[in-house]
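See below for the structure under consideration.
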Amino acid sequence: MNIRRIIYNFILVLVSFILQTTVFRALDFGGIAPNLMIIVVASTGFIKGDRSGLVIGFFSGLLIDIFFGTYIGFFALIYMYIGFIVGKFHEIFFSQNIAIPIVFITIADFLFGFICYILMFLFRNKFNIGYYMMSNIIPEMVYTALIAIFFYPVILHMNNRFDEREERNAKKFV
């Protein structure tokens with residue numbers, strides 16, 4: 001991994017975080033905003049593999065923990081696992097098809113919401129999962145999937161450009 005890709009990933013995470021916390025908070029529907037960080041983590045894991053998904057997931061979650069979390073490492077751990085699990089499908093599926101990554105992003109957002117429900121509400125004896133599903137998890141999942149339709153091709157295009165550049169540079173030295 002070269003320094004350009006590291007800088008690109010850093011900027012991608014930072015821009016997604018800023019967009020998620022500013023622009024998309026203003027464009028929320030009923031208090032529900034899309035989770036751009038899940039899109040970035042799942043897309044990176046799906047395009048580049050489990051190791052990249054794990055690293056991007058950790059730093060994305062850590063950024064959310066620092067600014068909005070009550071415990072440092074809570075969201076970092078969740079995003080890290082999601083990036084790792086989605087990254088395991090890198091070898092199995094073709095990343096150029098847009099339908100499969102959108103499905104994985106949607107499932108990842110559902111898992112994120114469900115894990116947050118279990119760890120944040122269920123352990124505090126708040127058992128109304130039906131209400132939480134219908135008011136938070138499913139609307140955020142749908143909104144995230146709609147935004148991912150437009151956001152995933154941009155991430156894929158940029159990753160393909162970096163891959164082509166790395167291949168050209170590798171051929172120069174051979």
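The values are calculated or read from the model by the stated rules, or taken from the named source; none is laboratory data. Keep in mind that what you see is a predicted model, and the values were worked out from it rather than measured. Using ideal geometry, Cβ is built from the backbone for each residue, glycine included, and neighbour counts are taken over all protein chains shown. The protein model used for the area step is the full one, side chains on, heavy atoms only, and it has no ligands, DNA or RNA in it. Shrake-Rupley method; radii C 1.70, N 1.55, O 1.52, S 1.80 Å.
Please work out whether the range 91-155 counts as rounded, prolate or oblate from its C-alpha gyration tensor, where a ≥ b ≥ c are the square roots of the eigenvalues and a/c under 1.5 means rounded, while otherwise a/b larger than b/c means prolate and anything else oblate?
On the way: a/c = 3.57, a/b = 2.29, b/c = 1.56.
It is prolate, given that a/c is not under 1.5 and a/b is the larger ratio.
In whole Hz, with x marking every Gly and Pro, tabulate ³J(HN,Hα) for the range 7-16 from phi via Karplus 6.51 cos²θ - 1.76 cosθ + 1.60, θ = phi - 60°.
My calculation for the range 7-16 gives 5, 4, 5, 4, 5, 4, 5, 5, 5, 5 Hz in order.
List the trypsin sites (Lys or Arg not before Pro) within the range 15-93 that fall in a DSSP loop (any state other than H, G, I, E or B) and whose Cβ has at most 15 other Cβ atoms within 10 Å. Kindly include the intermediate steps, with their values, before the conclusion.
Values: sites: 25, 48, 51, 88; in loops: 88.
Here the sparse-neighbourhood loop sites are 88.
Counting only other residues whose beta carbon sits under 13 Å from that of residue 139, what net charge do I get with K and R as +1, D and E as -1?
Details: positive: none; negative: 28, 109, 140.
Charge balance near residue 139 sits at -3.
Can you give the angle from 0 to 90° between the axis of helix 99-120 and the longest principal axis of the chain, with both taken from C-alpha atoms, to the nearest 10?
40 degrees
Excluding ligands and nucleic acids, what accessible area in Å² is computed for residue 70 using a 1.4 Å probe, to the nearest 10?
My reading of the accessible area for residue 70 is about 120 Å².
Of the accessible area of the chain, with the probe set at 1.4 angstrom, what percent is carbon plus sulfur? Mind showing how you got there, number by number?
Numbers: 7120 of 9990 Å².
That share works out to 71 percent.
How many percent of the alpha carbon pairs in the range 71-116 exceed a separation of 12 Å? Each step should come with its number before you reach the end.
Details: 668 of 1035 pairs.
Tail of the P(r) past 12 Å holds 65 percent of the pairs.
Rounded to the nearest 500 deg cm²/dmol, what is the calculated helix-only ellipticity per residue at 222 nm for the chain, with -39500 (n - 2.57) per DSSP H run of length n ≥ 4? Before the final figure, lay out each step's value.
Details: 8 runs with 131 residues, N = 174.
Per the formula, -25000 deg cm²/dmol.
Go through the range 19-118 and name the chymotrypsin sites (Phe, Trp or Tyr not before Pro) that are in a DSSP coil and have 14 or fewer other Cβ atoms within 10 Å of their Cβ.
Numbers: sites: 24, 29, 46, 58, 59, 67, 68, 71, 74, 75, 79, 81, 84, 89, 93, 94, 104, 110, 112, 114, 117; in loops: 71, 89, 93, 94.
Those satisfying the criteria are 71, 93, 94.
Pop a pseudo-label 7 angstrom from the Cα along the beta-carbon direction at both residue 163 and residue 25 and give the gap in nm to one decimal.
3.5 nm
Determine ³J(HN,Hα), in whole Hz, for all residues of the range 78-86 in sequence, where each value follows from phi through the Karplus function 6.51 cos²θ - 1.76 cosθ + 1.60 and θ = phi - 60°; x replaces Gly and Pro.
Those phi angles translate into 5, 5, 4, 5, 5, x, 5, 5, 5 Hz.
What ³J(HN,Hα) values, in whole Hz, does the Karplus curve 6.51 cos²θ - 1.76 cosθ + 1.60 give for the range 128-137 when θ = phi - 60°, with x put for Gly and Pro?
Couplings: 8, 6, x, 5, 5, 5, 6, 9, 10, 5 Hz.
For Cα Rg over 2.2 N^0.38 Å, one of (1) 0.99; (2) 1.20; (3) 1.06 was computed from the structure I shared and the rest are decoys. Which label?
(3)
Going by average Cβ density within 10 Å per residue, which order do the peptides 126-137, 161-172 take, highest to lowest?
Values: 126-137: 13.3, 161-172: 11.0.
With the highest mean Cβ count within 10 Å placed first, the list reads 126-137, 161-172.
If you put +1 on each Lys and Arg Cβ and -1 on each Asp and Glu Cβ, how big is the dipole of the chain around its Cα centre, in Debye rounded to 20?
Working: 13 positive and 10 negative charges, 77 e Å.
So the dipole magnitude of the chain works out to roughly 360 debye.
Could you report the range 28-73's accessible area per residue, 1.4 Å probe, as an integer in Å²? Mind dumping the intermediate values first?
Numbers: 1960 Å² over 46 residues.
With all protein chains present, the range 28-73 gives 43 Å² per residue.
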